[in-house]
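Everything below concerns the one structure shown next.
The values are calculated or read from the model by the stated rules, or taken from the named source; none is laboratory data. Worth saying up front: this structure is predicted, and the values here are computed from it rather than measured. Glycine gets a Cβ as well: all are built from the backbone with ideal geometry, and neighbour counts include every protein chain shown.
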């Protein structure tokens, strides 16, 4: 049997690390048709040991013969790998709470602060150095391997790797699938019966075509009528902004308010959960100190968020991790993420279609630069991954909004390479959710001091 080596970089990741391992253990072909080696790597020894313990217990329970080992050495993990699956963050919610609150304190109206808005730029610069280290190490020890990325900000990081290294890279996200689920709710259909064409920027995509897989019926007329009569407040934090974007631009967006809203200046009125984001009391809590608690992350204002009992315990990160790493064979299931299907299609020379991947455009979406990383549907086979070109063009206003983000991508790369706060300032001032000039300068200085352990050294020039 042929050998297949998969390196899981950031193996301590609960969301994507465990999901990839579960997909591999449930794959009959990876069990019976290859000699599978899985290298688990994380910079935190405690985290990778925890994942190794879970993985060995799970693979043993399924009588899977894969060779699994753990390390904190990046080069060892990647040497001769065929694929690397990457999901990395350092103290994600601690720094994300800074990304969210501090730009808003200086006057930004950003939502979320993860992939768009000024907060996302610091998020990018924190992760850019480690991501490039991974890709450059791959150039040395596994130059033909694919880098499959789950780390955010997805588009910005994948573009950096595409432009600054020779590594084959693809970014994965399930945002389009979330959009199909939303369409199914409006159309009162099974999502499996809905076919789509869609794309744009990661977390800011639009469905240019929707139709019934079984009959070929165009579903946009039906969606138009259903949306008009649907309750205006129903699932507001998920689709309130999406419905307004649909009525404004003519195409339904994905994946939802708090993500799409990161790229436009007027989204604040459509996100009721905004005041709950990393909520804390500034009088009694010094949020940014290392020994302070990280506020609870709130995805949206929903019944499960707002209707807690007065003394009900919240699901903090420690409890969530403890539960995730408690092995229960009955709970092991397919994650519906794309990493393992991609690995199987390329390795076994199959051909599959994926709803959305992130790569350099190369003409797939008209009106956007070829070297910009965009998101749309793709075909995977023995030759790798190739976009399916979108047949329907996105409206001028949407293309213009995405163009701004493409320019921000370039400026952030220049800021990183040139170690320039000035280039970072240029990127921030270009963003639709930028603070005023003086506030932007002060914000950069404060964030560079707060996050100096993880940000590259940046100077004014």
Task: Residue, surrounded by the fewest Cβ atoms within 10 Å (Cβ to Cβ), within the stretch 180-198, restricted to residues that are in a strand (DSSP E or B) and in contact with a helix residue (DSSP H, G or I) (Cβ under 8 Å, 6 or more places away or on another chain) - done: 194
Open item on the list: Regarding the stretch 348-360, can at least one residue be identified that is surrounded by fewer than 15 Cβ atoms within 10 Å (Cβ to Cβ), closer than 25 Å to residue 433 by Cα, modelled with pLDDT of 95 or more and under 20 Å from the mean Cα position of the chain (by Cα)?
Closed with: no
Open item on the list: Need the failing condition index for residue 200 against (1) within 26 Å of the chain's Cα centre (by Cα); (2) over 21 Å from residue 172 (Cβ atoms), just the number.
Closed with: (2)
TODO: Please work out if residue 417 is touching a strand residue (DSSP E or B) at 6+ places or on another chain (Cβ under 9 Å) and at pLDDT 95 or above.
DONE: no
- [ ] Among the candidates 152, 144, single out the residue that is under 25 Å from residue 419 (Cβ atoms), part of a loop (DSSP other than H, G, I, E, B) and out of contact with any helix residue (DSSP H, G or I) (no Cβ under 6 Å at 6 or more places or on another chain).
- [x] 152
Open item on the list: Take residues that are in contact with a strand residue (DSSP E or B) (Cβ under 8 Å, 6 or more places away or on another chain), surrounded by 15 or more Cβ atoms within 10 Å (Cβ to Cβ) and on the phi < 0 side of the Ramachandran plot and tell me which of the helices (runs of 4 or more DSSP H) falling wholly in the stretch 28-96 contain 2 or more.
Closed with: 45-61, 74-78
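Here's the yes/no breakdown for (1) surrounded by fewer than 11 Cβ atoms within 10 Å (Cβ to Cβ); (2) in contact with a strand residue (DSSP E or B) (Cβ under 7 Å, 6 or more places away or on another chain); (3) modelled with pLDDT of 85 or more; (4) farther than 30 Å from residue 108 by Cβ:
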| site | (1), (2), (3), (4) |
| --- | --- |
| 263 | no, yes, yes, no |
| 272 | no, no, yes, no |
| 292 | no, no, no, no |
| 306 | no, no, no, no |
| 310 | yes, no, yes, yes |
| 317 | no, no, no, no |
| 336 | yes, no, yes, yes |
TODO: Read through the list (1) touching a helix residue (DSSP H, G or I) at 6+ places or on another chain (Cβ under 6 Å); (2) loosely packed, with under 15 Cβ neighbours inside 10 Å, then give the number of the only condition that residue 332 fails.
DONE: (2)
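Quick grid of which residues meet (1) in contact (Cβ under 8 Å) with a residue 12 or more places away in the chain; (2) outside any loop (DSSP other than H, G, I, E, B):
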position: 295; (1), (2): yes, no
position: 300; (1), (2): yes, no
position: 305; (1), (2): yes, yes
position: 310; (1), (2): no, no
position: 314; (1), (2): yes, no
position: 322; (1), (2): no, yes
position: 330; (1), (2): no, yes
position: 333; (1), (2): yes, no
TODO: Among the residues of the stretch 378-405, count how many are buried (at least 21 other Cβ atoms within 10 Å of the Cβ), out of contact with any helix residue (DSSP H, G or I) (no Cβ under 7 Å at 6 or more places or on another chain) and under 13 Å from residue 431 (Cα atoms).
DONE: 1
- [ ] Could you check how many residues of the stretch 211-224 are under 16 Å from residue 247 (Cα atoms) and either in a strand (DSSP E or B) or touching a strand residue (DSSP E or B) at 6+ places or on another chain (Cβ under 8 Å) (or both)?
- [x] 3
- [ ] Search the stretch 236-262 for residues being within 22 Å of the chain's Cα centre (by Cα) and part of a loop (DSSP other than H, G, I, E, B), and hand back the single one that is farthest from residue 180 (Cα to Cα).
- [x] 256
